[in-house]
Each structure stands twice: as structure tokens, then as C-alpha cells.
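One structure is given here, and the rest of the page talks about it.
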Amino acid sequence: MADLKTDSDVKPGEYSHANEYSHANAELEAAPTAVLEEGSLDPVYEAKARVLNKAIQDIGMGRYQWQLFIVIGFGWAQDNLWPIVTSLIFTPVKNEFHPTRAPFLTLSQNIGLLVGAVFWGFGCDIFGRRWAFNLTIGITALFGMIAAGSPNFAAIGVFAALWSVGVGGNLPVDSAIFLEFLPGSHQYLLTILSIDWAFAQVVATLIAWPLLGNLTCQETQAVCTKSENMGWRYFMICMGGIALIMFLLRFVAFTVFESPKFLMGKGKDAEAVRVVHEVARRNGKTSSLTLEDLEVFNPEGGPRGTEAAAAIKRNLEKFNFTHVKALFATKKLALSTSLITTVWAFIGLGFPLYNAFLPYIQATRGAELGDGSTYITYRNSLIIAVLGVPGCILGGWLVELPNFGRKGALALSTVLTGVFLFASTTALSSNALLGWNCAYSFVSNIMYAVLYAYTPEIFPTKDRGTGNAITASANRIFGIMAPIIAMFANLETSAPVYVSGALFIAAGLIVLAMPFESRGKASL
């Protein structure tokens, strides 16, 4: 990785988050005590959190964090696995049930993802990171396997929404608990986790190939009975089974400690200290943290501001208009926040609009080209998925290139994603269509790897939670719009491809207008 700079290393006129942010908040910086009292953050919680952060940094990266890295990867995998599952079963479900509006299946999934992100994001501050960490995958496994017995289209739609409620909580909960145990020096590992996201698609399509390729109705069949179309049901059992195994590994084989920050936020300082010492012990080290190090911040009369109500208030505070206004406090910050939110919104609409219906597009276009068998369709899906893995790795290298950086990598990969989608409509053979889709998968995985790293880097630390919430909400809300557009755009044409491609190209061009480049600078 490139050497990182702090404010002291920045040359006059060079971009620094802190320079821009401190200029916009000069009055706040001049009276920090007043700011805390006005509710920007619970001062007791903030002070204790800094002590806990230092204790974790002193312990360093060890056995416990590396084990956590593995089980956290399960959550990243689930986040991509189940939307892919919905995509893969879309055609056989449509062939069997003949719904009037087939995209309602994807709409149900996206509504569930939005509900899950909101519910688990707030819920983990109420009943704890540990239980949310385990339950998200457990719920997904339960409803995923139950969905295999769906008697009609309405049932599979409901179960898709229910399993997505679990899926939607994986990233917000898993990233929270991982970061709260991770030393600041190793936070880059959050970006490396994207490789689990890519591998999930490979696993799903690898299993789908024999099951959906051989045990489902052909696209050309006039009548499709349940007995002839059992492949997607077996596939759901397999995917639910994988989620169940991951749940058991998390819940039984690996001890996930409750987050020290959550315990501290509940007023359980002694428990927080105990967990820190246990993590140190697992890593073969010791910690100098004591209960007195936390209690020294308690005001007279008890640990004010660290009860459950304060924890809820801190989470709700992410949507406080004070923090939203701070992201628009100067022209540069306002431009940056507006543009990155637009990029997330366009990608949130373009990606599911195309990817959710990819097997259907492959099957129908393949039929036109004389090769529309379900076996070939899912074989091609596997090939496309495999090409996404090296894309994630290449993205990590591109972002560190001089005179290219995050903006260059993100803009180029996003524009190329749209270009390859447009190019896929020109395919005159099944292999040509496969080739364009492979190229799309490769560059789109570069795009996501860079986007996940670049977005939090361009938000000032104090308001990063609000910034991430704004971009994530835009992504999910526009994701809900994707199947609605597909319903009215006529799925049996190339319209979804054209719309999706245009959105990606527009998003890539918007990135070029971003005012900040974060390469080689510490995230402040």
C-alpha cells in the first residue's frame, strides 16, 4: 500500500479532509464543549470509545481477529449470494408459475433488503451485535429452505422478502462488529472482504449449473409441471443449507464476543474490559486496560449517557440534520456528497436491473441464437461469475496507481461496465454474448471493490456514518425501483440492458467530476 499522509504531511493547497472540514466547522472547533453538550455525540460514550479503540490497537491484529475475519466473510458472501439466488431461480420460477408480473419476485427481495438494513442497523444497538451477527444468517437459512416448498408465485415472493430481511442486515452488522474489534492499522481488511462477495457468486452458479441446468423446464416448453421443474427447489435447499452451516460455524464453532463498545454503551464497563482482556488472551498478549480507565469519564451521579436510551439516540443521531448539513457545509463538500450519492443511486438501479434478469436474458437471447438450453444458460453463468474474482484483486492494485488512483479506477471500471452492457446487445452468437457478459462481470467487480473503499474515505470522520447512511439508502431505494421499471419496460426486449448501461456510463462520468482524490492520504 502507498504511504499514507496525515495533515502535517499535506503540502499547501493539497487536498485534506481535515483542512476542508475544519474550514467548514471553524466555529464548532472553537467551542468543542458546547458542541458535545448540544448533542453532537454523547461525550461520555465518545471518550470511552476512544479508550477502547486504543486498547484494541495496543493488542494488535491476532488470532481472534483473523478468525473473525473468516466468519465475517460469511456475511459478505451472503450479501451477494442471495440476490444471485433470486436471479438464478427467476426463469424456472417464471416458467412454472406463469406470473402476470414476474419482476415482483425481485421487487419482494429488494424490499426485504431495505427492511433488513434498517431493522438490523438499528437493532444491533438495542439487543447487541452478537445476537444480530448470528441471527441474520440464521433467518436467511430458515426462510431460504422453507421457500423450496413454495406452492405458488405469491409464496416464493413472500419468502424471498423474508430471507432478504436477514441478508440485508449482514453488511451493517458485520462491518460494525468487525471494525470494533479491528486495530485501526488493519482497517484495509474491510476492503479485502469483497473477495468473499465474488466467490459467493461462483459457488451459487457452480451449484446451479447441474441442478437448474438439468432438472428444470426448458425455455421452449409450453407446459412446465412441478415434477419437471424440481431443480430450483433443490437449489434453494442447497443454498439454505450453506447458510445453515455458516450459522452453525458462527454460533457453535466460534465464540463471537459482544462488542466492547456495545457493552460500554449499556453501562457495562466491567464487561467491556473483560472482553478486551479475553481478546488479548486469545492473541497471546495482555492488555493494560482497567475498569478505572473507563469509569474516570463517568460524571458525578453515575454513568450518564451510557444507558440503552443513549445508545438508541446515538444511532438515530446518524440521521440528525446537523450532520447532514455538515456534509454540505462548503461547495466542495456539497458537491462531493451529492455526486457520490448520485453514483450509488445510479448503480443501485443499474446493477439489479441488469443482473437480476441476466439468466433470463441469456436464455431468451440464446434461444434466438439457436442455443437457449437451461444447461448452457447456467454453465455460462458460472463462467461469468468466475471472471469476477480476479476483478476484485485487480481493483485493489489500480487504486494505488499514481495519477490514476480511486477516481480513475472507479470512473474507468464504471464506464466500461456500461459499455460492455451495450456491446452485449450486438452479439450474433451465444459465445459472443458470453464473452461480453464475462467482460461486464470482470469490470463491474473492479467497480464495486473501488466503490466500497473510496466512499467512506471522502467523508469527514465526524459525519462519515451519516454519509454512508445516505449513500446506502439511495442504493437500496433505487434498487427497489429496478424491478418496477423492468415490468413497464418489457422484459422480453433489450430495454433493461440499454437503461442499465446508460446508468453505469453516467455514473462513471459523474465520478470524474468528484472534487476529492483520496489516494495516498490517511482517512481523517
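Peptides 240-253, 131-144 ranked from most to least packed by the mean count of surrounding Cβ atoms within 10 Å: 131-144, 240-253. Estimated from the Cβ-Cβ distance and a Förster radius of 30 angstrom, the FRET efficiency linking H186 and A154 is about 0.05. Going by accessible surface with a 1.4 Å probe and the largest first, V415, V511 read V415, V511. Paramagnetic label reach from E295 (point 7 Å along Cα→Cβ; backbone nitrogen cut-off under 20 Å): within the range 249-287, residues 260-278, 287. Each Lys or Arg adds one and each Asp or Glu takes one away; over the other residues whose Cβ falls under 13 Å from the Cβ of L189, this sums to -2.
The values are calculated or read from the model by the stated rules, or taken from the named source; none is laboratory data. These numbers come from a predicted model, not from an experiment. Neighbour counts are summed over all protein chains in view; Cβ atoms, including those assigned to glycine, are modelled from backbone coordinates with ideal geometry. Please note that ligands, DNA and RNA were not included when accessible areas were found on the heavy atoms of the full protein model with its side chains. Shrake-Rupley method; radii C 1.70, N 1.55, O 1.52, S 1.80 Å.
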